Amino acid sequence: MPCYVKKLPDGNMFMCGDLGPHCVHPDCMDASDNLCDYPVGNGLTCDAPICEDHSHEIGPNLHYCEAHFIAWNEFVAEGGVKRELENVVPYKKKL
């Protein structure tokens, strides 16, 4: 039976049972609450299991693992979002 460790401000909480995969963060033994939603191509996402403490919510129900959160922040800082949005063609319904 797998066991999980949740770090709390005043100590650790231990949980045992099949609660799903452990968090992908190397120093974490907590149960994962989310999967990384970072797009990796062909309509697929990273899907790395991440706990609440190590998931970064960048939008409603959209979470990135630590490595992809860093990549996302670099993309934003380099003007990637603005650049991509400038390429969007508005949809116009044909009458």
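Under the condition of being of a type in the set (D, E, K, R) and surrounded by 13 or more Cβ atoms within 10 Å (Cβ to Cβ), which residue from region 50-84 is modelled with the lowest pLDDT?
Of everything passing the filter in region 50-84, 52 is modelled with the lowest pLDDT.
Of these, 16, 28, which one is exposed (fewer than 13 other Cβ atoms within 10 Å of the Cβ) and over 14 Å from the mean Cα position of the chain (by Cα)?
After ruling out the rest, the residue left standing is 16.
Take residue 24 and tell me if it is touching a Ser or Thr at 6+ places or on another chain (Cβ under 8 Å) and either modelled with pLDDT of 90 or more or polar (S, T, N, Q) (or both).
Against the criterion (touching a Ser or Thr at 6+ places or on another chain (Cβ under 8 Å) and either modelled with pLDDT of 90 or more or polar (S, T, N, Q) (or both)), residue 24 qualifies.
Which pairs do you get when a residue that is under 17 Å from residue 59 (Cα atoms), found in region 78-90, comes within reach of a residue that is at pLDDT 90 or above and surrounded by 10 or more Cβ atoms within 10 Å (Cβ to Cβ), reach meaning Cβ atoms under 8 angstrom, with the pair 6+ apart or on two chains?
Cβ pairs passing all conditions: 81/75.
The values are calculated or read from the model by the stated rules, or taken from the named source; none is laboratory data. From a predicted model like this one, the values you see are computed outputs, not experimental measurements. For neighbour counting, all protein chains shown are included, and Cβ atoms are generated from backbone atoms with ideal geometry for every residue, glycine included.
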